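First up is the structure itself, then whatever we jot down about it.
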Amino acid sequence: FNENPSLALYKLQANGYKFSWLLIPMSVPFVWLLFFWTRRFHVYDHTVFVTYSLSFMSLLAIALTILGLAGAPEGLISLGWFLPPVHMFRQLKGAYQLRWPSALVRTFLLVPFCFLTAMLYFMLLLGIGALG
């Protein structure tokens with residue numbers, strides 16, 4: 001990394017999309033923690049939830065990138081950062097048939113879980129990049 005930072009960045013970008021599927025199995029245990037006491041939902045339900053959520057986040061990132069390249073005001077693009085928690089709330093409420101207080105509490109728990117998963121994913125990418 002120190003000898004050739006541009007190569008290291010290239011490796012991170014290349015591995016980022018190659019291993020993005022790992023975000024699904026890395027995220028499912030955190031969603032399971034939100035519902036571990038109920039037998040109503042299974043790993044399959046959490047996997048579908050995570051897959052839909054990651055798909056939305058990918059589309060949002062693409063849309064915000066295109067808006068930025070098209071010259072949209074930065075304020076409009078900054079508002080895009082508030083959409084993920086709103087989406088998580090609505091998706092939790094609908095997918096798991098929750099009332100809004102329960103969905104809100106779980107959303108507040110899920111947001112830090114997302115940051116933790118992202119941090120673990122980027123650490124994994126750094127490890128993969130360092131090894132070869």
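Table for the structure above
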| read-out | value |
| --- | --- |
| With Cα atoms, 0 to 90° folded angle of helix 100-131 axis to the chain main axis | 30 |
| Area of THR38 that stays accessible when all protein chains are in place (1.4 Å probe, Å², to 10) | 40 |
| Relative packing of peptides 43-50, 71-78, 113-120 - highest average C-beta neighbours within 10 Å first | 43-50, 113-120, 71-78 |
| Carbon plus sulfur fraction of accessible area for the chain, probe 1.4 Å, in percent | 72 |
| MRE, 222 nm, helices only [DSSP H, n ≥ 4, -39500 (n - 2.57), over the chain, to nearest 500] | -26000 deg cm²/dmol |
| Inter-part distance where segment 51-70 and segment 96-130 are each reduced to a Cα centre, Å | 17 |
| Rounded to whole Hz, the Karplus (6.51, -1.76, 1.60) HN-Hα couplings of segment 74-86, x for glycine and proline | 4, x, 5, 5, 5, 5, x, 6, 8, 6, x, x, 5 |
| Acute angle (nearest 10 degrees) that the helix 5-18 long axis makes with the longest principal axis of the chain, alpha-carbon atoms | 40 |
| 1.4 Å probe accessible area per residue over segment 60-132, in Å² | 68 |
| Cα long-axis angle, helix 43-69 against the chain (0 to 90 degrees, to the nearest 10) | 50 |
| Shape metrics for segment 61-105, restricted to C-alpha atoms - Rg then Dmax, Å | 14.1, 39 |
| Vicinal HN-Hα couplings computed from phi for segment 24-39 (Karplus, 6.51 cos²θ - 1.76 cosθ + 1.60; Hz; Gly/Pro x) | 5, x, 6, 8, 4, x, 5, 5, 4, 4, 6, 9, 4, 8, 10, 8 |
| q = 0.19, 0.23, 0.25 Å⁻¹: log10 I(q)/I(0) that the Debye formula gives for segment 39-132, counting C-alpha atoms only | -1.03, -1.19, -1.26 |
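The values are calculated or read from the model by the stated rules, or taken from the named source; none is laboratory data. Just so it is clear, the model here is predicted, and its values are computed rather than measured. In this analysis, Cβ positions are derived from the backbone assuming ideal geometry, glycine residues included, and neighbour counts consider all displayed protein chains. Side chains included, ligands, DNA and RNA excluded: accessible areas come from the protein's heavy atoms. Shrake-Rupley method; radii C 1.70, N 1.55, O 1.52, S 1.80 Å.
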